[in-house]
Number of protein chains: 2
Amino acid sequence: MQRNTGHCTNVPRNVNMESLRNGYLFPEISLRELEHIQKYPDSELIRLGIGDTTNPIPDIITSAMAEYARALSTVRGYRGYGAEQGNKELRQAIAETFYEDTGVKGGEIFVSDGAQSDISRLQLLFGSNVTMAVQNPSFPAYIDTSVIVGQAGEFQEETGKYRNIVYMNCLPENNFFPDLSTMPRTDIIFFCSPNNPTGSAASRLQLEQLVAYAKAKGSIIVYDSAYSVFITDGSPKSIFEIPGAREVAIEVSSFSKFAGFTGVRLGWTVVPKELLYSTGFPVIKDYNRLVCTSFNGASSISQAGGLACLSPEGYTALNAVVDYYKDNAKMICDALASVGLKVYGGRNAPYVWVHFPGLKSWDVFAEILEKAHVITVPGRGFGPGGEEFIRISTFGHRESIAEASRRLKSLFIHN
Amino acid sequence: MQRNTGHCTNVPRNVNMESLRNGYLFPEISLRELEHIQKYPDSELIRLGIGDTTNPIPDIITSAMAEYARALSTVRGYRGYGAEQGNKELRQAIAETFYEDTGVKGGEIFVSDGAQSDISRLQLLFGSNVTMAVQNPSFPAYIDTSVIVGQAGEFQEETGKYRNIVYMNCLPENNFFPDLSTMPRTDIIFFCSPNNPTGSAASRLQLEQLVAYAKAKGSIIVYDSAYSVFITDGSPKSIFEIPGAREVAIEVSSFSKFAGFTGVRLGWTVVPKELLYSTGFPVIKDYNRLVCTSFNGASSISQAGGLACLSPEGYTALNAVVDYYKDNAKMICDALASVGLKVYGGRNAPYVWVHFPGLKSWDVFAEILEKAHVITVPGRGFGPGGEEFIRISTFGHRESIAEASRRLKSLFIHN
């Protein structure tokens, strides 16, 4: 695509964009998938790679969206721009459904088109002069957006890390929770729980330690709770369940996995009024300004759907879908454990994290694809801490999950 | 809201956010509106401020969205994540509908949640080390997002301008087109045509000059064509109608005003493959990477609606709505001209730009609100070049527009 014969502008390429390594993980996996299909056109490929929801959305929710959409053709039902921060009723319903007893108010909730966009907006909010820490492994968007806004510094080939980013190792040996006593201070701490990709949910005690650490160091936690509905063991579903979190944390969350809204696009970010910059200026004021300037609100139809998700009937129906995925996760975990693999996650998250000590994750990915015709995600795509691991998404129809379990079991029995 | 008694983090406030002046324009107007309603609870306020569509969306379009939404409840119709760049069929349809004979291909179109988000993403793409020019007056998001990414430099109270931004005066005396011969070079030139707020559409000759200028200076034009469907005088509707534009321009556009999608949220950005950085690296590659990293695609339901907009029936129905607004604009223009006011715009745009020589625009805004109970937009909100002007949006139901015309006429006859 590079054309040296044509006109070049005199506009310099953004050095931050230039600093991004490789392709973004999921497009790269899509390429591998395409190559595989070309090689084996008749293979019945099972996709447990990208964590994409597969079950239909309960009718009560899609009916609400359809009804809202249809009403846009009527004089009474037509609505133009909504508030940039989201529909007031939806903000209130999110506060009541997910933040009961935590003190989070509707006015602190910013409805968005999804967590990925919000992560990018938060990076833009903090700018290039802050330092950040991220779980290792972690969802690639935290680091990539950090690079794009210019916080990350030079990439170091030997370690696979950016110089200015602190990588918090979350590995089986530390029970997937970083050793805070040895961690260098950063301004921002991205923390995803249940974690993507490890599937590990931080316990109440761990989160209390994290909040105390942030308070002592003057850091801001950006807590990603996009998978919190999958928690089954009583771990906190929001950072705001921890006393003191309102002074040190922002929370990003999403309807994507909870409601099958990956394509519908709806999420939110909570910025508590007590969260202050070093000058005493409230973070929420700047975030509000940013949202009003660089975003124009989530789709009104998606927001109507979000409201239906939080109705008693919608909420009950969605929990049944989540339970279905949880049963999937159990099936995959049991199959892999039965052939002696070291399996993590799956209990509080739709991701199963499988350890292959001594192996390279892209090699394991390639072998599983080649021999079992199953797409997974190589752990290395989530950072150097994922090198010996494979992430398996357990979103899928039951028959596919059962078939994948059989294939994986059979592959690893013979290994 | 500032609480000096609570815990402050040690995170510095982003100096770029600190550099933003005042509130964002439209929230400020909303505050004035609220105050007015409290003062005159029985006044029949007419809102011609924010350019918000008011007419119902043709049924063929909302039916397509409703049908898509409903199908998400079925195993066959359920879809999760779509491509970050947008639905392929929609990208193709946009290319065919709006870019026939310009060489723009579907693969160069990035479907988004709207032009405002795209402007912010483009600023992030170029980063803090580029210089930019903007029309004066212009839609505030260009400058505000420039400040947020750190391009703008210090704000100078005496001029009302940011030090590093070049303000291209677009005033009646230069026929709303900048004098390129005296303009300092910048990397990026934001250019909106038909312009918001002046309502002026650049002619083919003017755009040829602009493209030639950008080519000679090695600049990139970010062309905002969000109002192009309102063009009636044969002026180009896309920068890509100008030969050579593919090497120097990006185009941002939107379904908001064309299809009444202000709340539905759908837009797009065109990045031609021939557009290269000074190093020869294609801009489209970085933009694609940025979109994949910090955005997860527009709502699939909105995209289904977008596709219906571009069907022959949808397109015809929408043009009837646009014609309705054009008739509104004519009514307002005629009324104001009949009392001797200097009226611009309205012919190729849904905005009427009224000159009040020697007056301050916030004073005129306040007088119109106080005496005619009509919300407009003070031109100063669009930059120093708007100081003596008022923008009147002509989106509205016919009766409101007729009533507003009467009230304004009566106000200014007695002035």
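Tabulated results
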item: Given (1) out of contact with any strand residue (DSSP E or B) (no Cβ under 9 Å at 6 or more places or on another chain); (2) at pLDDT 95 or above, index of the condition A:GLN116 fails; result: (1)
item: Check on B:HIS7, more than 30 Å from A:MET65 (Cα to Cα) and assigned to a helix (DSSP H, G or I); result: no
item: Given (1) within 9 Å of chain B (Cβ to nearest Cβ); (2) under 21 Å from the mean Cα position of the chain (by Cα); (3) over 30 Å from B:GLU18 (Cβ atoms), index of the condition A:SER300 fails; result: (2)
item: Residues located in region B:252-294, provided they are among the acidic types (Asp, Glu) and in contact (Cβ under 8 Å) with a residue 40 or more places away in the chain; result: B:ASP286
item: Close pairs from region A:61-89: first assigned by TED's automatic domain parsing to the domain that holds A:THR293 and under 22 Å from B:GLY51 (Cβ atoms), partner among the acidic types (Asp, Glu) and not in a loop (DSSP other than H, G, I, E, B), Cβ under 7 Å, at least 6 apart; result: A:SER73/B:ASP59
item: Among (1) surrounded by fewer than 20 Cβ atoms within 10 Å (Cβ to Cβ); (2) part of a helix (DSSP H, G or I), the one test that A:ASP286 misses; result: (1)
item: Condition broken by A:ASP52, with the remaining ones in (1) closer than 30 Å to B:THR262 by Cβ; (2) touching a Phe, Trp or Tyr at 6+ places or on another chain (Cβ under 7 Å); (3) without any contact (Cβ under 8 Å) to a residue 12 or more places away in the chain satisfied; result: (3)
item: Only listed residue being aromatic (Phe, Trp, Tyr), within 14 Å of chain A (Cβ to nearest Cβ), in contact with a helix residue (DSSP H, G or I) (Cβ under 9 Å, 6 or more places away or on another chain) and farther than 21 Å from B:GLY51 by Cα, chosen from B:TYR325, B:TYR287; result: B:TYR287
item: Boolean, B:GLY346 is in the same structural domain as B:GLY234 (by TED's automatic domain parsing) and in contact with a strand residue (DSSP E or B) (Cβ under 9 Å, 6 or more places away or on another chain); result: no
item: Every residue from region A:310-362 that is assigned to a loop (DSSP other than H, G, I, E, B), within 24 Å of the chain's Cα centre (by Cα) and loosely packed, with under 15 Cβ neighbours inside 10 Å; result: A:LYS360
item: Filter result for A:GLU251 (charged (D, E, K, R) and more than 11 Å from chain B (Cβ to nearest Cβ)); result: yes
item: Only one of B:ASP233, B:ASP179, B:ASP187, B:ASP224 that is surrounded by fewer than 24 Cβ atoms within 10 Å (Cβ to Cβ), closer than 27 Å to B:ASP52 by Cβ and among the acidic types (Asp, Glu); result: B:ASP233
item: Count of region A:64-99 residues which are more than 7 Å from every other protein chain (Cβ to nearest Cβ) and either outside any loop (DSSP other than H, G, I, E, B) or of a type outside the set (A, V, I, L, M) (or both); result: 22
item: From the options B:LEU20, B:LEU48, residue that is hydrophobic (A, V, I, L, M, F, W, C), over 22 Å from A:ALA64 (Cα atoms) and at pLDDT 95 or above; result: B:LEU48
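The values are calculated or read from the model by the stated rules, or taken from the named source; none is laboratory data. Just so we're clear, the structure is a prediction, and the values are computed from it rather than from any experiment. Cβ sites come from the backbone with ideal geometry, for glycine too, and all protein chains shown count toward neighbours.
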